[in-house]
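Step one of this worksheet: look at the structure below.
The values are calculated or read from the model by the stated rules, or taken from the named source; none is laboratory data. These figures come from a predicted structure and were not determined experimentally. Glycine gets a Cβ as well: all are built from the backbone with ideal geometry, and neighbour counts include every protein chain shown. Side chains are part of the model used for accessible areas, which takes the heavy atoms of the whole protein and leaves out ligands, DNA and RNA. Shrake-Rupley method; radii C 1.70, N 1.55, O 1.52, S 1.80 Å.
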Amino acid sequence: MKDVQSPETYIGYDRAENFVSPGGSVHDFSHVYLTGMPRLNEWGLAGKWTIGGEHAVLDQKDGSIVYRFHARDLHLVLGPGPDGKPVRFRVTIDGAPPGTSRGTDVDADGQGVVTGQRLYQLVRQSGVITDHTFEIRFLDPGVQAYAFTFG
């Protein structure tokens, strides 16, 4: 399918590729990241995160993940922290709420909640597919982020 030009992307350092936050990843220690300037199929973190082998955990609220992608659908495997508390988030596409390009797990304003560990559909576009910059900002700490998939 020519509309899917973005590969499955892992966030944990064991299998991570195309991570562009300045300074690279710091393994198994809490660190403050800046997203950098992702090009197509590159991604970065912003805020205070701990990157482990399988996933990254947000240590303080208002952290985000930015990904430059080319696909109709964008999914992200997410889970709440060990305490199980829901984690609120907001999604933007090219800096704006997704509107009609929202996935099933967000509203038109880009609002959603991580309530369990699973695959969340965050973007589902119609029409011509082009490159876009996706951002998910977590309004609460503790989220666990595992991998992006595209369709």
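Candidates Val77, Val20, Val26: the one that is in contact with a Pro (Cβ under 7 Å, 6 or more places away or on another chain), over 16 Å from Arg137 (Cβ atoms) and in contact (Cβ under 8 Å) with a residue 12 or more places away in the chain is Val20. Here is the figure for the range 114-151: residues that are surrounded by 15 or more Cβ atoms within 10 Å (Cβ to Cβ), without any contact (Cβ under 8 Å) to a residue 60 or more places away in the chain and either among the hydrophobic types (A, V, I, L, M, F, W, C) or over 17 Å from Gly81 (Cα atoms) (or both) total 6.
What tally of residues in the range 51-95 results from selecting those that are of a type in the set (Val, Ile, Thr) and within 17 Å of Arg15 (Cβ to Cβ)?
The first filter runs over the range 51-95 and keeps only residues of a type in the set (Val, Ile, Thr), leaving 51, 57, 65-66, 77, 87, 91-93.
Next cut, within 17 Å of Arg15 (Cβ to Cβ) only: 51, 57, 65, 77.
Selection size over the range 51-95: 4.
No other residue among Gly12, Gly52, Gly47, Gly63 is in contact with an Asp or Glu (Cβ under 7 Å, 6 or more places away or on another chain) and within 22 Å of Gln111 (Cβ to Cβ) apart from Gly47.
Suppose we keep only residues that are of a type in the set (Asp, Glu) and modelled with pLDDT of 95 or more within the range 64-102. Which one would you say is most open to solvent (accessible area, probe 1.4 Å)? Let's see the steps before the verdict.
Taking the range 64-102 as the starting set, the residues that turn out to be of a type in the set (Asp, Glu) are 73, 83, 94.
Subsequent filtering for residues that are modelled with pLDDT of 95 or more retains 73, 94.
On the way: Asp73: 6, Asp94: 82 Å².
Top of the filtered list is Asp94.
Condition first: open to solvent by less than 90 Å² (accessible area, probe 1.4 Å) and of a type outside the set (Ser, Thr, Tyr). Now tell me which residues in the range 1-11 satisfy that. Walk me through it before giving the result.
Within the range 1-11, the subset open to solvent by less than 90 Å² (accessible area, probe 1.4 Å) is 3-4, 6-7, 9-11.
Asp3, Val4, Pro7, Ile11, listed by residue number.
Quick one: in the range 34-71, which of the residues that are in contact (Cβ under 8 Å) with a residue 24 or more places away in the chain and hydroxyl-bearing (Ser, Thr, Tyr) is nearest to Leu139 (Cα to Cα)? Out of the qualifying residues, it is Ser64.
Only one of these conditions is not met by Asp109: (1) under 28 Å from Gly53 (Cβ atoms); (2) open to solvent by 70 Å² or more (accessible area, probe 1.4 Å). Which number is it? Only one criterion in (1) under 28 Å from Gly53 (Cβ atoms); (2) open to solvent by 70 Å² or more (accessible area, probe 1.4 Å) is unmet by Asp109, namely (1). Is at least one residue of the range 103-114 β-branched (Val, Ile, Thr), in a strand (DSSP E or B) and at pLDDT 95 or above? Checking the range 103-114: at least one residue is β-branched (Val, Ile, Thr), in a strand (DSSP E or B) and at pLDDT 95 or above.
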